[in-house]
Amino acid sequence: MTEKIALYPGSFDPMTNGHLDIVRRCALVFDRIEVAVAHNPSKEPLFTPEERAQIIRDSTTDIENLTVSHFDGLTVRYARKINARYLIRGLRAISDFESEIQMAMLNRELDPGIETFFVVPDARYSYISSSMVKQLYIAGGPIADLLPPPALKMVEERLERRIAPEQ
Ligand code: PNS
């Protein structure tokens, strides 16, 4: 039987507990899941692809059927390269739907042999994104419950708080 390999591509700048929740759900369904940091030209990342991949590795050491990498270029091409026939994308809210459907359709057009699966995270994470967590941190808000510890450490090292947290 062929191994069911899924590719979970994204910016992961950095990985949040929402991403981690999706990874855990997928690890139960697919034989192997590869989380791959992709270059999104419309975003200005805080961390390098290597740093983002390392944060993911350090946050998922207990998940055995998971591998981590980063890539440039088309997601479907990278999926073929690693023998993945499934793409994973998280759907948090209705607002994600339009762009995600567009992306899934485009990827299907590019390679009809690769199927996109949408996974819904736990409601606790339905409102968080990497960008929102970074903004919250800069503004002095609490982020410890929103990031896995390796991501939290890197954010604290890299970002300066413009407003001190309330005591
Ligand atoms: O975490 P993000 O930023 O929502 O992830 C978007 C990403 C990186 C998966 C998407 O921009 C992507 O697939 N980029 C690679 C280039 C590509 O394949 N583009 C066609 C599909 S939009």
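A few notes on this one:
- Number of the exception - Ser59 against (1) among the small types (Gly, Ala, Ser); (2) open to solvent by less than 20 Å² (accessible area, probe 1.4 Å); (3) in contact with a Ser or Thr (Cβ under 9 Å, 6 or more places away or on another chain): (3)
- Filtered by the rule that a residue be more than 9 Å from the ligand (Cβ to nearest atom) and buried (at least 24 other Cβ atoms within 10 Å of the Cβ), region 9-18 gives Pro14, Met15, Thr16.
- Any pair with Cβ under 9 angstrom, 6 or more apart, that starts in region 3-15 at a residue that is under 9 Å from Ala38 (Cβ atoms) and ends at one that is near the ligand (Cβ under 7 Å from one of its atoms) and part of a strand (DSSP E or B): Pro9/Ala38; Gly10/Ala38; Ser11/Ala38; Phe12/Ala38
- Scanning region 19-54 for residues that are among the small types (Gly, Ala, Ser), touching a strand residue (DSSP E or B) at 6+ places or on another chain (Cβ under 7 Å) and within 13 Å of the ligand (Cβ to nearest atom) turns up Ala36, Ala38.
- Count of residues meeting criterion [assigned to a loop (DSSP other than H, G, I, E, B) and either surrounded by 14 or more Cβ atoms within 10 Å (Cβ to Cβ) or touching a strand residue (DSSP E or B) at 6+ places or on another chain (Cβ under 6 Å) (or both)] in region 85-133: 10
- Residue within region 62-75 that is among the aromatic types (Phe, Trp, Tyr), touching a residue at least 24 places away in the same chain (Cβ under 8 Å) and open to solvent by 10 Å² or more (accessible area, probe 1.4 Å) present: yes
- Verdict on Ile82 being over 16 Å from Thr16 (Cα atoms) and open to solvent by 70 Å² or more (accessible area, probe 1.4 Å): no
- For Ile55: the one exception among (1) touching a residue at least 40 places away in the same chain (Cβ under 8 Å); (2) assigned to a loop (DSSP other than H, G, I, E, B); (3) of a type in the set (Val, Ile, Thr): (2)
The values are calculated or read from the model by the stated rules, or taken from the named source; none is laboratory data. Quick caveat, the model's predicted, so the values are computed rather than measured. Cβ: placed from backbone, ideal geometry, glycine included. Neighbour counts: every protein chain shown. Note: areas computed on protein heavy atoms with side chains; ligands, DNA, RNA excluded. Shrake-Rupley method; radii C 1.70, N 1.55, O 1.52, S 1.80 Å.
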